[in-house]
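Enquirer: Have a look at this one.
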C-alpha cells in the first residue's frame with residue numbers, strides 16, 4: 001500500500017476497564033503533510049457498564065464524569081464520517097483498533113500505523129517506549145499543555161503526544177524511504193484488512 005505523509009487521523013481511546021473494555025473517552029486529531037491541522041474531535045462517552053475504580057486511577061475519569069455524556073451509538077455517525085477510509089495512527093494502535101471495531105463493527109481503517117513499532121524501528125535502544133517516556137526522550141512534550149489536554153492518560157493528551165511523536169519520527173526519515181517505513185509500522189494485513 002502506498003502510504004504518503006498526506007492525511008492521517010491520530011486516535012486514542014480510554015476504556016472502562018471491562019473485558020472487553022468499552023470506550024469512555026475518544027480523541028482524534030488530523031495530521032496532514034506532517035502538520036497538525038488544528039482539527040480535533042473529542043468525546044466523553046457513557047458506557048453501558050460502569051468505569052472500574054482501577055482504571056479511574058489511570059485515566060482519571062469517573063462514572064459521574066460520563067453520566068450525561070452521549071453513548072457510543074450517539075457519536076458513531078460523527079466518528080465514522082471522519083474515519084471513513086482513513087489511515088489512523090496510534091501508540092500501540094492495536095488497542096484502538098480492537099476497541100473501535102467492537103464499537104463500530106463495520107469500520108476498518110485504510111491503514112493503522114503504530115508509533116510504538118515506528119519508534120522501535122527508528123530509535124532502537126531506548127530505555128522505554130512507553131508513550132510518556134518516548135515523548136520525553138524525543139523532547140516533544142513541551143507543547144502538550146497548550147493543546148487543552150487534561151493530563152497524561154486522557155485521550156486528548158495521549159492523542160496530542162502521539163501526533164507529535166509521529167511527526168517527529170517521520171520527519172527524520174528521508175522522503176524516499178517514508179512509504180517503506182510507514183508500511184513497516186502499519187499493523188494491518190492489506191490483503192484482508194485485518195490485524196497482523
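The values are calculated or read from the model by the stated rules, or taken from the named source; none is laboratory data. Please read these numbers as outputs of a predicted model, since none were measured by experiment. A quick note on method: Cβ atoms are made from the backbone with ideal geometry, for glycine too, and the neighbour counts reach across all protein chains shown.
Enquirer: Take region 84-96 and flag every residue that is more than 20 Å from residue 170 (Cβ to Cβ) and either at pLDDT 95 or above or surrounded by 14 or more Cβ atoms within 10 Å (Cβ to Cβ) (or both).
Expert: Within region 84-96, 95 is the sole residue that qualifies.
Per-residue answers, yes or no, for (1) surrounded by fewer than 17 Cβ atoms within 10 Å (Cβ to Cβ); (2) part of a strand (DSSP E or B); (3) at pLDDT 95 or above:
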{"site": "27", "(1), (2), (3)": "no, yes, yes"}
{"site": "30", "(1), (2), (3)": "no, yes, yes"}
{"site": "46", "(1), (2), (3)": "no, no, yes"}
{"site": "49", "(1), (2), (3)": "yes, no, no"}
{"site": "55", "(1), (2), (3)": "no, no, no"}
{"site": "58", "(1), (2), (3)": "yes, no, no"}
{"site": "68", "(1), (2), (3)": "yes, no, yes"}
{"site": "73", "(1), (2), (3)": "yes, no, yes"}
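Enquirer: May I pose another question? For region 49-77, which residues satisfy the criterion of being over 12 Å from residue 26 (Cα atoms), in contact (Cβ under 8 Å) with a residue 12 or more places away in the chain and in contact with a helix residue (DSSP H, G or I) (Cβ under 6 Å, 6 or more places away or on another chain)?
Expert: Those that are over 12 Å from residue 26 (Cα atoms), in contact (Cβ under 8 Å) with a residue 12 or more places away in the chain and in contact with a helix residue (DSSP H, G or I) (Cβ under 6 Å, 6 or more places away or on another chain): 50, 51.
Enquirer: Being touching a helix residue (DSSP H, G or I) at 6+ places or on another chain (Cβ under 6 Å) and farther than 20 Å from residue 167 by Cα is true for just one of 46, 117, 102, 108. Which residue is that?
Expert: 46
Enquirer: Does region 108-122 contain any residue that is farther than 21 Å from residue 182 by Cα, in contact with a strand residue (DSSP E or B) (Cβ under 9 Å, 6 or more places away or on another chain), in a helix (DSSP H, G or I) and touching a residue at least 12 places away in the same chain (Cβ under 8 Å)? It would help to see each step written out before you state the result.
Expert: Keep residues of region 108-122 that are farther than 21 Å from residue 182 by Cα, which gives none.
Within region 108-122, none of the residues are farther than 21 Å from residue 182 by Cα, in contact with a strand residue (DSSP E or B) (Cβ under 9 Å, 6 or more places away or on another chain), in a helix (DSSP H, G or I) and touching a residue at least 12 places away in the same chain (Cβ under 8 Å).
Okay, residues lined up against (1) under 16 Å from residue 116 (Cα atoms); (2) more than 14 Å from the chain's Cα centre (by Cα); (3) at pLDDT 95 or above:
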| site | (1), (2), (3) |
| --- | --- |
| 140 | yes, yes, no |
| 143 | no, yes, no |
| 147 | no, yes, no |
| 150 | no, yes, no |
| 161 | yes, no, yes |
| 167 | yes, no, yes |
| 176 | no, yes, no |
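Enquirer: Quick check on residue 155: is it closer than 26 Å to residue 57 by Cα and surrounded by fewer than 16 Cβ atoms within 10 Å (Cβ to Cβ)?
Expert: Working: closer than 26 Å to residue 57 by Cα: yes; surrounded by fewer than 16 Cβ atoms within 10 Å (Cβ to Cβ): no.
No; evaluated as a whole, the condition is false for this residue.
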